[in-house]
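A.B. asks: Dropping a structure here in C-alpha cells format, bear with me for questions.
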Amino acid sequence: FSGFIQSFFGRLILFGFTWALFQHLLGGVRHLIMDAGYGMDDPEREQMAQATLIGGLVLTLVVWAIGYAVR
C-alpha cells in the first residue's frame, strides 16, 4: 500500500480525495449560508457555487504545499 500511495497514480488519487473533502466542506458552508436566507438570488448563487469549486482547489493546493514543505 505504501508503494502504491507513493506512486504518481496514488498521489493523484489522494489529491482528488483531498479536493473532494474540501469541496464537500465548502458546499456545506454554502448551504448553511443559503439556509440563513442569503445568496439566493441568481448572481450570488452562481458566484458562491464557483467560489466553492475554486476555494476547494485552493485549500487543497495549500494543504499539499504545507505537506511537502514539512516533509
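A.B. asks: What FRET efficiency comes out for the pair residue 45/residue 15, r = Cβ-Cβ distance, R0 = 35 Å, nearest 0.05? All intermediate terms of the calculation are to be shown ahead of the outcome.
C.D. replies: Numbers: r = 28 Å, r/R0 = 0.80.
It comes out at approximately 0.80.
A.B. asks: Follow-up. Calculate for the chain the 222 nm mean residue ellipticity that helices alone would give, adding -39,500 (n - 2.57) per DSSP H run of length 4 or more and normalising by residue count, nearest 500 deg cm²/dmol. Walk me through the numbers before you get to the answer.
C.D. replies: Numbers: 3 runs with 61 residues, N = 71.
Only helices count here, giving -29500 deg cm²/dmol.
A.B. asks: Residue 13: accessible area at probe 1.4 Å, nearest 10 Å²?
C.D. replies: 80 Å²
A.B. asks: Using only Cα atoms, tell me the angle between helix 42-70 and the longest principal axis of the chain; keep it within 0 to 90° and round to the nearest 10.
C.D. replies: For 42-70 against the chain, the angle is about 20 degrees.
A.B. asks: Leaving out ligands, DNA and RNA, what percent of the accessible area of segment 20-71 is carbon and sulfur, probe 1.4 Å?
C.D. replies: Working: 2650 of 3860 Å².
In segment 20-71, the share of accessible area belonging to carbon and sulfur is 69 percent.
A.B. asks: State in Å² the accessible area per residue of the chain; use a 1.4 Å probe, count heavy atoms of protein chains only, and round to the nearest integer. The partial results should precede the final answer.
C.D. replies: Values: 5390 Å² over 71 residues.
With the other protein chains kept in place, the chain gives 76 Å² per residue.
A.B. asks: Can you order the peptides 51-62, 1-12 by their average number of other Cβ atoms within 10 Å per residue, highest first?
C.D. replies: On the way: 51-62: 15.4, 1-12: 9.6.
By packing density, highest mean first, the sequence is 51-62, 1-12.
A.B. asks: Related question: Pairing the Cα long axis of helix 8-35 with the longest principal axis of the chain, what angle in degrees results, from 0 to 90 and rounded to the nearest 10?
C.D. replies: It is inclined by approximately 20 degrees.
A.B. asks: Something else now. If you place +1 on the Cβ of every Lys and Arg, -1 on the Cβ of every Asp and Glu, and leave all else neutral, what size is the dipole of the chain about its Cα centre, to the nearest 20 Debye?
C.D. replies: Numbers: 4 positive and 5 negative charges, 106 e Å.
In debye, rounded to 20, the chain gives about 500.
A.B. asks: Please pull out the direction-averaged projected area of the chain, using the convex hull of its alpha-carbon atoms, in nm² to one decimal place.
C.D. replies: On the way: hull surface 22.8 nm².
The number I arrive at for the chain is 5.7 nm².
The values are calculated or read from the model by the stated rules, or taken from the named source; none is laboratory data. Being a predicted model, the structure only gives us computed values, none of them experimental. Note: ideal-geometry Cβ built from the backbone for every residue, glycine included; neighbour counts use all protein chains shown. Surface accessibility is based on the protein's heavy atoms, side chains included, excluding ligands, DNA and RNA. Shrake-Rupley method; radii C 1.70, N 1.55, O 1.52, S 1.80 Å.
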